[in-house]
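The values are calculated or read from the model by the stated rules, or taken from the named source; none is laboratory data. Model, not experiment: these values are computed from the prediction. Glycine gets a Cβ as well: all are built from the backbone with ideal geometry, and neighbour counts include every protein chain shown.
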Amino acid sequence: MSSQSVKKSEPSVDQKDDKKEILKQPTTIEIIKAPVLQIETTDKTEKHHDYASSEWWLVYLTGVLAAATIGLFIFTACLFKATVALGDDAKESGQRQASEMKESLRISKISADSAKKSADTSMLSERAYITASVVLPGLKWINASTGLFEVHIAIMNHGRTPGNVTDVAIGSKILENGEQLGNTDIAAREVIPKAFLVPNDSLPHSRNFNINGQSINDVKTGNKTLWVFGYIDYVDIFHMRRRSGFARIYQPRLDDNKQINLVRMTEGNFQYDYDRQHEDGEGNN
């Protein structure tokens, strides 16, 4: 608020005599306004107070939060980009590793097949080969009138390693001329020979047979065919069970020529050598 000062006017000397008259006149009061003192506030003081206000602090915090948000956004964008790049690299690496693994497996299979083939070839070249060979004369008549004859064979190892013979069987059958040998079942034997044969070693073996009646004349005159057949079971050094077979036909015209009268057949699968399975009751030999 502004202050006011009051100034009273004194009557002049000339007017003293007429005091009464002056007193009768009203008193005049003049009010003079005092100068107004204004305190100017500088802009610096006003700004200082404005920056320290709570509104400005809210502005500061909002700015800091905005800057942090922008930084977090940039960091997240960089992280996303790096993650995508890492995922692409991982995918490419996985595909490359899968391709390399596939190629490695292919090479391993080739190597394994080659190793197996090499082992099989080595086994075939080194294993025992045990077969039957006919011993002169082949078929020998013990008593032609009664039909008693004997078959002589030699069991020989033609391979490069030893073999263990577990069974030898010889059978005979009379068939019509031109009829092929079918069933080669062999009747039970009293003796089952066994032997251990080293390379180029042999084992002699023979068996007697008997035919009666008209069959004797048919065989000796060539009206019918006498078949002699059999097989050898053996185990080679690689513990593989094998069976080799043979079949011959009797030629009576060769009896007096001091030749083998049991002739090898050139047609038909009568000579064989194959792997076989373990049979019941056979044992571990």
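When ASN285 is tested against (1) modelled with pLDDT of 90 or more; (2) in contact with a Ser or Thr (Cβ under 7 Å, 6 or more places away or on another chain), just one condition goes unmet, and that condition is (1). Scanning the range 139-158 for residues that are in contact with an Asp or Glu (Cβ under 8 Å, 6 or more places away or on another chain), closer than 30 Å to GLN277 by Cα and crowded, with 21+ Cβ neighbours inside 10 Å gives a single hit, ASN157.
Would it be correct to say that ASN257 is without any contact (Cβ under 8 Å) to a residue 12 or more places away in the chain and not aliphatic (A, V, I, L, M)? The answer is yes for ASN257.
Consider the range 211-254 and keep the residues that are among the hydroxyl-bearing types (Ser, Thr, Tyr) and under 21 Å from ILE153 (Cβ atoms). The one that is surrounded by the most Cβ atoms within 10 Å (Cβ to Cβ) is TYR234. With the condition kept exactly as written, say whether any residue in the range 183-205 is closer than 23 Å to GLY147 by Cβ and buried (at least 17 other Cβ atoms within 10 Å of the Cβ). Yes, that holds for at least one residue.
Between LEU61, LEU65, the distinction of being surrounded by 10 or more Cβ atoms within 10 Å (Cβ to Cβ), part of a helix (DSSP H, G or I), more than 36 Å from the chain's Cα centre (by Cα) and modelled with pLDDT of 85 or more belongs to LEU65 only.
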